[in-house]
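K.L.:
One structure coming up, written as structure tokens, with questions to follow.
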């Protein structure tokens, strides 16, 4: 008998497993249908011995000191500030758009003050900002929107920016200075030994049992448990009763080149003609020294693993119907990106999981008395106990 069955071994599930095992002394079974822990942050050595991110680049950044303090129990950090270039009109220029971006593209020598006026002269008045197109054209005008945003967004989402909620492009700022960092958070770093190693340490407590290649439906009626934390797709939990929630997926093509370096930064975006949206070169992220280099090409697609909830009003309305069902489920907690149909950064997921644990701990009356917490064990490899889900 397990106290908890946790579905999904990504950030949300793993943090909750660690807290329940170490703070409440409870027995936890955490399962994942994939053959590894770490969710989409999983990294591995490829055939050449280069550390790559299996599901595209994951850059850790946050302003939350509590999140950093928590994760630092399980990893050391390598400082890293993310910089991205975009291939536009045959040039590599900084994205988010800044002073250097505009000066290079248009052959200008504007100052920061002059760039503000330059943007204002090209901005299109929008009475009510509702869509992703509205966000950009009202700030920097039509030409930069076409060069940087429209093509990229149509590839990424399969929809025109005029059909998407404003939050999609509102996430990418426009700057009038020369700051070329993609993020401006106070803490920016990569796990020194990689994300997978950090997850193995998170899940190393002897009260935690890990099952990979295990589907929730294969386990729920076979292995006794008292409560469930579910981090998978909420519509799948309810057997798609109201229909499927729309997601965009990604196809990753990993390649290794016989060269020390392929591009000047970790990520180059391709907002114009190419079918892929970006190329990632991982040695920039990890600091690994290796005579060869490994790259990932990302191709957005409609089918495949769910990555990005499609931000449209009708999709939120459908989610709300599932959310009402979730609230009525006894002894089941829905946590994380897929279970709440919302895009989160990694630090936000960790923060949500820690907050969920605090609420659970208070609701359940503090540490369990019948099971004594065991000392932390050395990290172990996840055990595969069930056959792959059909």
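The values are calculated or read from the model by the stated rules, or taken from the named source; none is laboratory data. Remember, it's a predicted structure, so these values are computed and weren't measured experimentally. Ideal geometry is used to build each Cβ from the backbone, glycine not excepted, and the neighbour counts take in all protein chains shown.
K.L.:
Against the conditions (1) touching a helix residue (DSSP H, G or I) at 6+ places or on another chain (Cβ under 9 Å); (2) in a loop (DSSP other than H, G, I, E, B); (3) under 30 Å from residue 325 (Cβ atoms), where does residue 240 fall short? Just the number, please.
P.N.:
(1)
K.L.:
List pairs: first residue in segment 259-275 and assigned by TED's automatic domain parsing to the domain that holds residue 96 and buried (at least 17 other Cβ atoms within 10 Å of the Cβ), second residue part of a loop (DSSP other than H, G, I, E, B) and modelled with pLDDT under 95 anywhere in the structure, Cβ distance under 8 angstrom, at least six positions apart or on different chains.
P.N.:
Close Cβ pairs (under 8 Å, with a partner that is part of a loop (DSSP other than H, G, I, E, B) and modelled with pLDDT under 95) do not exist here.
K.L.:
Identify all residues within segment 81-121 that are part of a loop (DSSP other than H, G, I, E, B) and surrounded by 15 or more Cβ atoms within 10 Å (Cβ to Cβ); write none if there are none.
P.N.:
82, 96, 97, 98, 110
K.L.:
Here are some residues: 337, 342, 327. Which one is closer than 23 Å to residue 64 by Cα and surrounded by fewer than 16 Cβ atoms within 10 Å (Cβ to Cβ)?
P.N.:
One residue alone meets the criteria, 342.
K.L.:
Consider segment 156-172. How many of its residues are exposed (fewer than 14 other Cβ atoms within 10 Å of the Cβ) and within 19 Å of the chain's Cα centre (by Cα)?
P.N.:
2
K.L.:
Next question, about the same structure. Within segment 138-154, count every residue that is surrounded by 21 or more Cβ atoms within 10 Å (Cβ to Cβ) and more than 26 Å from the chain's Cα centre (by Cα).
P.N.:
3
K.L.:
I want to confirm something. Restricting to segment 224-243 and keeping residues that are more than 13 Å from residue 305 (Cα to Cα) and free of Cβ contacts under 8 Å to residues at least 40 places away in the same chain, which single residue is surrounded by the fewest Cβ atoms within 10 Å (Cβ to Cβ)?
P.N.:
Among those residues, the one meeting the criterion is 239.
K.L.:
Conditions: (1) over 22 Å from residue 336 (Cα atoms); (2) crowded, with 18+ Cβ neighbours inside 10 Å; (3) touching a residue at least 60 places away in the same chain (Cβ under 8 Å). Residue 252 meets all but one. Number of the miss?
P.N.:
(2)
K.L.:
Please enumerate the residues belonging to segment 136-171 that are out of contact with any helix residue (DSSP H, G or I) (no Cβ under 6 Å at 6 or more places or on another chain) and more than 21 Å from residue 313 (Cα to Cα).
P.N.:
138, 139, 142, 143, 144, 146, 147, 148, 151, 152
K.L.:
Now, a different point. Tell me, which helices (runs of 4 or more DSSP H) wholly within segment 122-218 include 2 or more residues that are touching a residue at least 24 places away in the same chain (Cβ under 8 Å) and under 24 Å from residue 233 (Cα atoms)?
P.N.:
Filter on segment 122-218 gives 151-157, 167-170, 195-202.
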